[in-house]
Amino acid sequence: MSTLIGMLVAFLIVIGSIAFGGPLAAFVNPAGLLIVVLGTLAVTVISFPISEIISIPKNIWDMLRHGQRDPSQEAIRILKLAVDARKSNDIHELERSITRHKDAPFFVQGLKLVVDGTSPEEIEAILRRESSTVAAKHMRAVDFLRRAGDVAPAMGLIGTLIGLVRLLGNLDDPSQIGPAMAVALLTTFYGAILAHLVFIPLAAKTENSTSEEVLINNLYSMGATSIRRQENPRRLEMLLNTVLPPAKRVTYFR
């Protein structure tokens, strides 16, 4: 919601500022939009393999649509399960409880490894590699958005140069000066809007979401490993708090 609200407010501020000064139609230029929007996408696509480009939009959409979990709440979830597992000491009970955590696939993967009797060291290694793979995939989406954010102003500058060339080539025809000047100025405007109101904020949001996901996956890994070792949940709480930010630390046991 913060992403949608922030972008909506930013666009409304820009549109409102334009509307107060005159008609909005004056800021609509198909040629300028063609140069900036399609040009930015075309140049950005050059920098990435086609297989990655196909999956990047869905990856970004899924991250923004689902949002991110609260690390504190996930730590509490892990501690509750660790307490239940220690009390029952029944691997079948743990296996049945997996269905209650389907909303956290990474945690489910760790619990399945526990149920299968995988060693704690191997569980930790497998989950660490999996977390690194997921983070790398998300960071490719960040790279794509940042690249687009760099290209958009450059395409705006190219459009400006095209408009100026047309302007200087038609100084003897006053009817051509206005359209050429519109392309020259509006393409720079479109490039700045696209970069600073769309691509760069989305890149920052995706990067923050990736960092949060890595943190939460680390909590899941620590929880699964601790449950496999049948450690005291109080010790697990202490371990989880060592990786949680100070404002997110939990006090489950009193």
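The values are calculated or read from the model by the stated rules, or taken from the named source; none is laboratory data. All of these numbers come straight from a predicted model, not from anything done at the bench. So basically every Cβ, Gly included, is an ideal-geometry build from the backbone, and we count neighbours across all protein chains shown. Just so you know, the surface numbers come from the protein's heavy atoms only, side chains and all, with ligands and any DNA or RNA stripped out. Shrake-Rupley method; radii C 1.70, N 1.55, O 1.52, S 1.80 Å.
See the values below:
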quantity	calculated
Qualifying residue in segment 91-99 (condition: touching a residue at least 40 places away in the same chain (Cβ under 8 Å) and farther than 28 Å from Ala203 by Cβ)	yes
Neighbours by Cβ (under 7 Å, 6+ apart or cross-chain): first from segment 21-48, among the hydroxyl-bearing types (Ser, Thr, Tyr); second open to solvent by less than 80 Å² (accessible area, probe 1.4 Å)	Thr40/Ala148; Thr40/Val151; Thr40/Ala152; Thr40/Met155; Thr40/Leu194; Thr44/Phe144; Thr44/Ala148; Thr44/Val151
Conditions (1) in contact with a Lys or Arg (Cβ under 7 Å, 6 or more places away or on another chain); (2) more than 16 Å from Leu145 (Cβ to Cβ); number of the one not met by Ala82	(1)
Flag if Pro105 is under 20 Å from the mean Cα position of the chain (by Cα) and without any contact (Cβ under 8 Å) to a residue 12 or more places away in the chain	yes
Residue match in segment 52-66 (condition: farther than 30 Å from Phe189 by Cα and either open to solvent by 90 Å² or more (accessible area, probe 1.4 Å) or not hydroxyl-bearing (Ser, Thr, Tyr) (or both))	yes
Listing of helices (runs of 4 or more DSSP H) fully contained in segment 68-162 that carry 1 or more residues being of a type in the set (A, V, I, L, M, F, W, C), open to solvent by 30 Å² or more (accessible area, probe 1.4 Å) and in contact with a helix residue (DSSP H, G or I) (Cβ under 8 Å, 6 or more places away or on another chain)	91-97, 105-115
Members of segment 216-254 found to be among the charged types (D, E, K, R) and either part of a helix (DSSP H, G or I) or in contact with a strand residue (DSSP E or B) (Cβ under 6 Å, 6 or more places away or on another chain) (or both), listed by number	Arg228, Arg229, Arg234, Arg235, Glu237, Lys248
Residue ID - modelled with the highest pLDDT, chosen from residues in segment 173-210 that are in contact with a Ser or Thr (Cβ under 6 Å, 6 or more places away or on another chain) and open to solvent by less than 30 Å² (accessible area, probe 1.4 Å)	Thr187
Pro179 without any contact (Cβ under 8 Å) to a residue 60 or more places away in the chain and within 26 Å of Ser47 (Cβ to Cβ)	no
Failed item, numbered, when Val36 is tested on (1) over 19 Å from Gly149 (Cα atoms); (2) open to solvent by less than 60 Å² (accessible area, probe 1.4 Å)	(1)
Selection count, segment 46-78, where residues are more than 11 Å from the chain's Cα centre (by Cα), within 18 Å of Phe107 (Cβ to Cβ) and among the charged types (D, E, K, R)	4
Some residue of segment 211-234 being farther than 30 Å from Glu130 by Cβ, open to solvent by less than 60 Å² (accessible area, probe 1.4 Å) and not basic (Lys, Arg)	no
Pick from segment 235-254, criterion touching a residue at least 12 places away in the same chain (Cβ under 8 Å) and charged (D, E, K, R), ranking: surrounded by the most Cβ atoms within 10 Å (Cβ to Cβ)	Glu237
